[in-house]
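Undergrad: This structure is in structure tokens; I'll ask about it shortly.
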Amino acid sequence: MNPYALSVLMSSLAIGTIATLSSAHWFLAWMGLEINTLAIIPLMTKTHHPRGTESATKYFLTQAAASGLILFSTTINAWTLGEWTITNLNPMPSTILTIALAMKLGIAPFHLWLPDVMQGLNLMTGLILSTWQKLAPMALLIMVSHQLNCNLLMLMGILSTIVGGWGGLNQVQMRKIMAYSSIAHLGWMIMILAFSPTLTILNLIIYIILTTSMFVMMINLYSTNINKLATSWLKTPTLSALMMITLMALGGLPPTSGFLPKWLIIQEMTKQHMSLMSTAMAMSALLSLFFYLRLSYAISLTTAPNMSNSNLTWRAQLKPMAAMPVIIILSLMLVPITPILLTII
């Protein structure tokens, strides 16, 4: 892609998200979401492949439907209350808005577009879709969290964690696995949103760090499926070992950073006398952990470290990104500074 066109598209992505984050008016927030959607579609189609075109079409149709619902709900709200302020919502518009933002994020049961769209993208665009594109809709949900329907949020949260774990069990494509991982993590965020928006923000930050770390390592190792992942040990053993630990962090195993939000969310849910729901969430996390363990097994045990059919000097071909060490360290070692993080947020 032309560098000038790429810079315009990336700037539009940033401007759309910042416009939504800084707005106090529903129409400006909607415009920011639209700029975001329109800016990422050319990035999806830059591969000139039918799968890329299919992904862009599915993404556009889903996001257009969600944007229509957002505009519909906010117009009803403005007609009822006489104002477009984000913080004031009636019960019916808030329910429609919750469904619309769930469609934009890919929260179950509105998740079916996300794995298919992710599979048709290259890894860098998949990284943008999994991280940056979640910021604006999640910010709107956090801003109106005190006026949303708790029962609807809890239903979508528990459904997302189960679907995210169950759907990823039988996958061999890394991008689809990361899509189901995203659905499961969004379920944890939505579940606790009505009770503690601070924990939702913390979970979102750690999810973005972990997902960025995983995608950066996949880009460096050219791993798009389990078979390619199985040969990553031949390319760089150190990075493969770090990828295994990052997968454990995504699964929420202590003492990695991924354990932190799950621990705090289950603690808060127990305080709210939701022991049954917290047990169901913890059990559904085991489903996700199973396919992360499966990927770790593929990295470490399916290929012996000293076997290679290639005659090329493979180690010199790797071009690590400058930010990769920092991202990996953050994804593994945030638990000791938990009190500082909670104080800052």
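Undergrad: Would region 128-147 turn up any residue that is of a type in the set (Phe, Trp, Tyr), under 23 Å from ILE40 (Cβ atoms) and not assigned by the TED database to the domain that holds GLY252? Step through it out loud before you land on a result.
TA: Taking region 128-147 first, the residues of a type in the set (Phe, Trp, Tyr) are 132.
Among the residues that remain, those that are also under 23 Å from ILE40 (Cβ atoms) are: 132.
Subsequent filtering for residues that are not assigned by the TED database to the domain that holds GLY252 retains 132.
Yes, that holds for at least one residue.
Undergrad: I've got another one for you. Across region 265-293, what is the total count of residues that are assigned to a helix (DSSP H, G or I) and either open to solvent by less than 20 Å² (accessible area, probe 1.4 Å) or without any contact (Cβ under 8 Å) to a residue 24 or more places away in the chain (or both)?
TA: Pass one, region 265-293, residues assigned to a helix (DSSP H, G or I): 265-271, 275-293.
Narrowing the set further to residues that are either open to solvent by less than 20 Å² (accessible area, probe 1.4 Å) or without any contact (Cβ under 8 Å) to a residue 24 or more places away in the chain (or both) leaves 265-267, 269-271, 275-276, 278-279, 281-285, 288, 291-292.
The number of residues fulfilling the criteria is 18.
Undergrad: Suppose the filter is more than 25 Å from PRO109 (Cα to Cα) and either in a loop (DSSP other than H, G, I, E, B) or open to solvent by 40 Å² or more (accessible area, probe 1.4 Å) (or both); does PHE60 pass it? Can you show your working first?
TA: Numbers: more than 25 Å from PRO109 (Cα to Cα): no; either in a loop (DSSP other than H, G, I, E, B) or open to solvent by 40 Å² or more (accessible area, probe 1.4 Å) (or both): yes.
Taking the combined requirement at face value, the residue does not satisfy it.
Undergrad: Looking only at residues in region 161-182 that are hydrophobic (A, V, I, L, M, F, W, C) and open to solvent by 10 Å² or more (accessible area, probe 1.4 Å), which one is farthest from MET124 (Cα to Cα)?
TA: Residues of region 161-182 hydrophobic (A, V, I, L, M, F, W, C): 162-163, 166, 169, 172, 174, 177-179.
Right, trim to open to solvent by 10 Å² or more (accessible area, probe 1.4 Å) and you get 162-163, 166, 169, 172.
Numbers: ILE162: 27, VAL163: 25, TRP166: 26, LEU169: 24, VAL172: 19 Å.
Among those that are hydrophobic (A, V, I, L, M, F, W, C) and open to solvent by 10 Å² or more (accessible area, probe 1.4 Å), it is ILE162.
Undergrad: If we scan region 174-185, do we find a residue that is more than 28 Å from THR343 (Cα to Cα), outside any helix (DSSP H, G or I) and in the same structural domain as LEU334 (by the TED database)? Working first, answer last.
TA: To start, the set of residues in region 174-185 that are more than 28 Å from THR343 (Cα to Cα) comprises 174-180.
Within this subset, residues satisfying the condition of being outside any helix (DSSP H, G or I) are none.
Looking through region 174-185, none of the residues is more than 28 Å from THR343 (Cα to Cα), outside any helix (DSSP H, G or I) and in the same structural domain as LEU334 (by the TED database).
Undergrad: Looking only at region 76-86, how many residues end up being more than 28 Å from the chain's Cα centre (by Cα) and in contact (Cβ under 8 Å) with a residue 24 or more places away in the chain?
TA: Restricting attention to region 76-86, the residues satisfying the condition of being more than 28 Å from the chain's Cα centre (by Cα) are 76-84.
Keeping just the survivors that are in contact (Cβ under 8 Å) with a residue 24 or more places away in the chain gives 77-78, 84.
Residues meeting the conditions: 3.
Undergrad: For region 231-238, indicate whether the set of residues that are open to solvent by 30 Å² or more (accessible area, probe 1.4 Å), hydroxyl-bearing (Ser, Thr, Tyr) and touching a residue at least 12 places away in the same chain (Cβ under 8 Å) is non-empty.
TA: Step one: list which residues in region 231-238 are open to solvent by 30 Å² or more (accessible area, probe 1.4 Å), which gives 231, 233, 235, 237-238.
Of the ones still in play, those that are also hydroxyl-bearing (Ser, Thr, Tyr) are 231, 238.
Okay, now just the ones that are also touching a residue at least 12 places away in the same chain (Cβ under 8 Å), so 231.
Checking region 231-238: at least one residue is open to solvent by 30 Å² or more (accessible area, probe 1.4 Å), hydroxyl-bearing (Ser, Thr, Tyr) and touching a residue at least 12 places away in the same chain (Cβ under 8 Å).
Undergrad: While we're on this one: Looking at (1) at pLDDT 95 or above; (2) in contact with a strand residue (DSSP E or B) (Cβ under 7 Å, 6 or more places away or on another chain); (3) among the β-branched types (Val, Ile, Thr), which one does ILE183 not meet, given that it meets all the others?
TA: That leaves (2) as the condition not met.
Undergrad: Does region 103-138 hold any residues that are open to solvent by 20 Å² or more (accessible area, probe 1.4 Å) and either more than 22 Å from THR224 (Cβ to Cβ) or not hydrophobic (A, V, I, L, M, F, W, C) (or both), and which are they?
TA: Answer for region 103-138, where residues must be open to solvent by 20 Å² or more (accessible area, probe 1.4 Å) and either more than 22 Å from THR224 (Cβ to Cβ) or not hydrophobic (A, V, I, L, M, F, W, C) (or both): MET103, PRO109, PHE110, HIS111, ASP116, GLN119, ASN122, LEU135.
Undergrad: Limited to region 87-102, what total is found for residues that are buried (at least 21 other Cβ atoms within 10 Å of the Cβ) and either among the acidic types (Asp, Glu) or touching a residue at least 40 places away in the same chain (Cβ under 8 Å) (or both)?
TA: Going residue by residue through region 87-102, those that are buried (at least 21 other Cβ atoms within 10 Å of the Cβ) are 89, 93, 97-98, 100-102.
Narrowing the set further to residues that are either among the acidic types (Asp, Glu) or touching a residue at least 40 places away in the same chain (Cβ under 8 Å) (or both) leaves 89, 97-98, 101-102.
Number of matching residues: 5.
Undergrad: Restricting the search to region 16-34, which residues are farther than 20 Å from TYR59 by Cα, open to solvent by 30 Å² or more (accessible area, probe 1.4 Å) and not in a strand (DSSP E or B)? Working first, answer last.
TA: Initially, region 16-34 is screened for residues farther than 20 Å from TYR59 by Cα, giving 18-19, 21-28.
So of that shortlist, the ones also open to solvent by 30 Å² or more (accessible area, probe 1.4 Å) come out as 18, 21-22, 24-25, 27-28.
Matches in region 16-34: ILE18, LEU21, SER22, ALA24, PHE27, LEU28.
Undergrad: Here are LEU229, LEU250, LEU239: which of them is closer than 17 Å to SER130 by Cβ and in the same structural domain as ALA184 (by the TED database)?
TA: Values: LEU229 fails: closer than 17 Å to SER130 by Cβ; LEU239 fails: closer than 17 Å to SER130 by Cβ.
Result of the check over LEU229, LEU250, LEU239: LEU250.
Undergrad: Still on this structure, I have one more. Quick check on this structure: which one of LEU169, LEU199 is aliphatic (A, V, I, L, M), modelled with pLDDT under 95 and outside any loop (DSSP other than H, G, I, E, B)? Let's see the steps before the verdict.
TA: Details: LEU169 fails: outside any loop (DSSP other than H, G, I, E, B).
When all the criteria are applied, what remains is LEU199.
Undergrad: For region 207-225, name all the residues that are open to solvent by less than 30 Å² (accessible area, probe 1.4 Å) and either hydrophobic (A, V, I, L, M, F, W, C) or outside the structural domain of SER296 (by the TED database) (or both).
TA: Residues satisfying the conditions are LEU210, MET214, PHE215, VAL216, MET217, MET218, LEU221.
Undergrad: If THR37 meets every condition in (1) in a helix (DSSP H, G or I); (2) of a type outside the set (A, V, I, L, M); (3) loosely packed, with under 13 Cβ neighbours inside 10 Å apart from one, which number is that one?
TA: Unmet condition: (3).
Undergrad: Mind checking which residues of region 67-86 are open to solvent by 60 Å² or more (accessible area, probe 1.4 Å) and among the aliphatic types (A, V, I, L, M)?
TA: The initial filter retains those residues of region 67-86 that are open to solvent by 60 Å² or more (accessible area, probe 1.4 Å), namely 72, 75, 79-84.
Residue satisfying the conditions is LEU81 alone.
Undergrad: Please work out if ASN88 is assigned to a loop (DSSP other than H, G, I, E, B) and among the polar types (S, T, N, Q). Walk me through how you get there before you give the answer.
TA: Working: assigned to a loop (DSSP other than H, G, I, E, B): yes; among the polar types (S, T, N, Q): yes.
Judged against the criteria, ASN88 is a match.
The values are calculated or read from the model by the stated rules, or taken from the named source; none is laboratory data. Model, not experiment: these values are computed from the prediction. Counting neighbours? That spans all protein chains shown, and the Cβs are built from the backbone with ideal geometry, glycine included. Remember, those area values only see protein heavy atoms, side chains included, never the ligands or the DNA or RNA. Shrake-Rupley method; radii C 1.70, N 1.55, O 1.52, S 1.80 Å.
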